[in-house]
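Participant: What follows is a single structure, and I will ask about it in a moment.
We did not get these values from a lab; they are worked out from the coordinates using the rules stated. Since the model is a prediction, treat every value here as computed from it, not as a measurement. All Cβ positions, even for glycine, are placed from backbone atoms using ideal geometry, and neighbour counts span all protein chains on display.
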Amino acid sequence: MMTTPPLAPPPRSRRHWLLGGLGCVAAAALTACGIPMPLPGARTEQRASTAYEQKAARHLYQRYAARIYRGQLPAMLYAVAVLETHVSGNGQIRRLSWMRQPSHAPEVVREIERMVRAAAPFPPTGVGNLIYTDT
């Protein structure tokens with residue numbers, strides 16, 4: 001008696017593979033939408049609100065009124081700098097980090113850092129640690 005080999009399963013249609021692939025893509029997209037949870041004990045900093053940036057700028061302007069340009073800046077400046085000031089909830093400076101540091105003018109960098117540190121404490125943030133950016 002002759003036996004026939006078992007039949008192979010019918011080939012899967014393209015539609016089946018397409019639906020399976022779309023399901024995987026949808027699952028991956030939903031997984032990526034999760035909200036990252038901070039690690040326990042990790043310090044979190046947030047960007048300063050516009051209201052706090054105005055308070056901090058007003059604090060610096062009052063302290064150094066004679067040394068800060070008001071209004072439109074002159075066409076040619078010796079150096080332009082952008083500084084991030086990490087401020088604690090009580091207004092103390094935690095750290096300074098440069099976003100745009102004038103490498104050709106290290107004396108300007110030192111003077112800006114000295115002035116910002118001397119202006120501490122800044123106004124209390126009211127929300128914990130903040131990052132305040134100024135030019």
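Participant: Is the shape of region 92-135 best called rounded, prolate or oblate, per the rule: a/c under 1.5 gives rounded, else a/b larger than b/c gives prolate, else oblate, with a ≥ b ≥ c the square roots of the Cα gyration tensor eigenvalues?
Facilitator: Numbers: a/c = 3.29, a/b = 1.90, b/c = 1.73.
Cα axes put region 92-135 in the prolate bin.
Participant: Could you compute the net charge surrounding Thr135? Neighbours are other residues with a C-beta less than 12 Å from the C-beta of Thr135; K and R count +1, D and E count -1.
Facilitator: Summing Lys/Arg as +1 and Asp/Glu as -1 gives -2.
Participant: I need the calculated FRET efficiency for the pair Ser49 and Ala119, taking r as the beta carbon distance and R₀ as 22 Å, to the nearest 0.05. Could the numbers behind the result be given before it?
Facilitator: Details: r = 20 Å, r/R0 = 0.89.
Between Ser49 and Ala119 the formula returns 0.65.
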